[in-house]
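Before any comments, here is the structure.
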Amino acid sequence: MIENMNRRRALRGILGGSAVTVGLPLLNVFLNGNGTALASGDPIPTRFGTWLWGLGMNAAIFTPKKLGANFDLPPEIESLKNVKQHINLFTNFNTFKDAAPLMCHHTGWVILRTGMAPSPSNVRPGETIDVTVAKRIGNTTRFQILSSTATGDVRDSYSYESTNSINPPDWSPVRFYQKVFGPDYQDPNAADFVPNPKVMIRKSVLSGVLEGAKSFQQKIGAEDRARLDQYFTGLRDLERQLDLQLTKPTPLAACKHIKAPADDPAAGVDAGLVSKRHRLMTEVMVMALACDQTRVFNMGYAAETASTTKPGYEKPHHTATHEEPLGPGGYQEEVSWFTRRAMEEWAYFVEAFARTPEGDGTLLDHTLAYAMSDISYAKIHSLDGIPMFTAGRAGGKLKTGLHIDGAASPGTRVGFTAMKTLGLDIPSWGTLSNTTSKEIGEILV
């Protein structure tokens, strides 16, 4: 064991002749056994984000009969009538677990967000698509990625860099607002710009500590170095955020002041509370994008094993998918009620972008949002035909208003198309049967 190393060990640096310290994460070495255009002339940026709802759908009352434009809206998606022109619906695309075991309610979303089937020894393979895209388009904003969830549970994250580096979502609308528009926010349309001296000090402290950390890294094992490198990546991202706060932002006509939520919805997963939480989060997220605080986002409506409840019905959503019998119409009526609520929230999310003016169009025109579930038919944990949507035109690069049949091709084609549209130079995406190098040409301009 390295001498003088314990959990109280901190990195030390020098700032202006004074010592500064930053605490360390828990390392093995501490354990027993070492276990159009903006006003500046710059083009309006394109944003990317994801939206997730849990427990899939019932194809008989979800999947349109008609392909292409002017597709019909079966009962489970009839709430999309006002946003149909803004979205694309993808059905009959498959995800393949290959030799990996089926990890119920986990395998599907991991494949659609990473291109790889997870196994118990590697529960979170690769990195999620938002992280990949953020490396391309998210380095000039205060937040590289913003994630939020309407479930009220910080554990409901679908964004990660690795198994050991999960990006937790904001779950409180009040705290989310404060994070984005609190004291550290620099209004791009303010008449005057005065750098915050507290920010200058924080940036200098981090710079001093990071410089002083080089010798420390040489004294620990490989696994600890990897963990510490992830930690330093977070510190460097914080340093980048602070640097941006010390630079006068470009004026943005789309950026408007919004009121802070008066309070958080009551704790709980009643569908009404989840809806209220989701809509408050949506309003903050939309303006965070319009004010260029981030260009990459994640929004979770309901977890993959959603425990959302319905007033007067005794079973939560997930339990109902397995225990409710088929009704006279040949489908689970209570389960369908939950799916319809999810689609109402997806419609609200899309509408919020579409009603935010930007340039000669809307925020949605400069956005590519990618929505998916974790499974198709939850009663039998089916991976075939997991429904997906895109919303927005990605700066004029995509067509919308289409229903696309994937003919049982890899569902990773949607994510691959999104990344190519956003300028990522990748020849293919995914592994084994989920590998694809084929874009969905029907939606490309």
Which order do the peptides 302-312, 157-167, 382-392 come out in when sorted by mean C-beta neighbours inside 10 angstrom, highest first? 382-392, 302-312, 157-167
Among Cys291, Cys104, rank each residue by its count of other Cβ atoms within 10 Å, from fewest to most, as a rough exposure measure. Cys104, Cys291
If you take the beta carbon distance between Lys259 and Glu334 as r and set R0 to 45 Å, what does 1/(1 + (r/R0)^6) give as a FRET efficiency, to the nearest 0.05? 0.80
Pairs of Lys in region 296-445 closer than 18 Å at Cα, counting only those 8 or more apart or on different chains: 6
Per the charge dipole of region 321-416 (beta-carbon charges, Lys/Arg positive, Asp/Glu negative, Cα centre), the residue among His366, Ile386, Ala347 reaching farthest to the positive end is His366
Ile426-Asp270 pseudo-label distance in nm [points 7 Å out on the Cα-to-Cβ vector]: 4.2 nm
By Cβ neighbour count within 10 Å, fewest first, Ile380, Ile145 rank Ile380, Ile145
Distance between modelled label sites at Ala99 and Ser121, nm, 7 Å Cα→Cβ extension: 1.0 nm
Paramagnetic reach from Val445 (point 7 Å along Cα→Cβ, amide N under 18 Å) across region 39-78: 42-49
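Every number here is computed from the coordinates shown, using simple stated rules; none is lab data. Fair warning: this is a prediction, and the values are worked out from it, not measured in the lab. Ideal geometry is used to build each Cβ from the backbone, glycine not excepted, and the neighbour counts take in all protein chains shown.
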